[in-house]
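Read the structure below first, then the notes.
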Amino acid sequence: METTGLAERMAHIEGAFAQIDRRLSRVEAELSDLRGEIRALHGELRTLYRVTISVLIPMWVTIIGSIIAAALI
């Protein structure tokens, strides 16, 4: 009787570990996908930053030049 109870408990524990393994595998896959999405977003943000800087610098140079030109007139 004791052996049957122990065997049932071991089978239950083995089933629980198998379920945990499946869930952890799913979590690992989700994390991998999330890392890829974060890398893609990082690239997009870097591109937007460069575009913004490439517009702002000439704009400020033009404004400063206009102010200097107006002050010298």
Check whether at least one residue in region 8-23 is modelled with pLDDT under 95, basic (Lys, Arg) and surrounded by 10 or more Cβ atoms within 10 Å (Cβ to Cβ), and report yes or no.
yes
Please verify whether region 35-48 includes one or more residues that are loosely packed, with under 10 Cβ neighbours inside 10 Å, of a type in the set (Ser, Thr, Tyr) and assigned to a helix (DSSP H, G or I).
no
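The values are calculated or read from the model by the stated rules, or taken from the named source; none is laboratory data. This structure is a prediction, so every number in the text was calculated from the model and none was measured. For neighbour counting, all protein chains shown are included, and Cβ atoms are generated from backbone atoms with ideal geometry for every residue, glycine included.
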